[in-house]
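Worksheet for the structure shown next.
The values are calculated or read from the model by the stated rules, or taken from the named source; none is laboratory data. Model, not experiment: these values are computed from the prediction. Cβ placement follows ideal geometry from the backbone for every residue including glycine, while neighbour counts extend to all protein chains displayed. Remember, those area values only see protein heavy atoms, side chains included, never the ligands or the DNA or RNA. Shrake-Rupley method; radii C 1.70, N 1.55, O 1.52, S 1.80 Å.
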Amino acid sequence: AFYSKQKVEVIANDLYMKFRANRILDEEDTNVLKITESYGLNIVMDGGEGDETDTSEGGSQIVALCLILALRQSIGLQGPLFMDTPMGRLDKRYRDALINYLPKLGTQLILFVQPGEIEEFSELDKATKPLLGRKYDLIKETNKVSRAVKK
């Protein structure tokens, strides 16, 4: 169990650094991710030797994503990656990192985005266009049924 926990932590930190690559960090920012006794994931200051630190909602979303992806990668799971509202709480730098790196983590990437997450003609829209195979609108027909309509 220790080896698996350590392996997940190493993978999660690698992902965390990739997602933070576009961020402006000061020299004192040596935050790392540490797995807790209850198998959660927290940001710890001073290279893992300091106290736990709080983060923004977007930062929390990235930490959670790192844990999910690290668990997936550590067991060698292949296949599509589904994400609902992936950009909702993220600032531009995290969005850019996510769009640049996520397609490398699965055989297929399926994003369910809300209006406003990727504005038409925005930089993010331009960055995602070459990555898109198909684009659909989900049309709600009843409380339990939606229909996918190709754009």
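Annotations
- Computed FRET value (nearest 0.05) for Lys34 with Glu123, which takes r as the C-beta separation and R₀ as 35 Å: 0.55
- For q = 0.11 Å⁻¹, Debye-computed log10 I/I(0) when each Cα of the chain counts as one equal scatterer: -0.50
- Restraint check, Lys7/Lys104; Lys34/Lys92; Lys104/Lys144; Lys92/Lys150, Cα-Cα greater than 31 Å: Lys104/Lys144
- Where both bridge residues fall in the chain, DSSP classifies roughly 70% of the beta bridges as antiparallel.
- Only Lys, Arg, Asp and Glu carry charge here, each on its Cβ (+1 for the first two, -1 for the last two); on that basis region 79-151 has a dipole of about 240 debye about its Cα centre.
- The angle between the Cα long axis of helix 2-19 and the main principal axis of the chain comes to about 60°, on a 0 to 90 degree scale.
- Global geometry of region 49-104, whether rounded, prolate or oblate, following the gyration tensor of its Cα atoms and the 1.5 cut on a/c: oblate
- Ellipticity estimate at 222 nm from DSSP helix runs (n ≥ 4, -39,500 (n - 2.57)) divided over the chain, nearest 500: -11000 deg cm²/dmol
- Cα gyration tensor, region 69-151 - rounded (a/c under 1.5), prolate or oblate: oblate
- Placing a pseudo-label 7 Å from each Cα along the Cα-to-Cβ vector at Leu138 and Ala21 gives an inter-label distance of 3.0 nm.
- Distance between modelled label sites at Arg89 and Val10, nm, 7 Å Cα→Cβ extension: 2.9 nm
- Per residue solvent-accessible surface (Å²) - the chain, probe of 1.4 Å: 67 Å²
- Note: relative contact order over the chain, using C-alpha pairs below 8 Å and six or more positions apart, is 19 percent.
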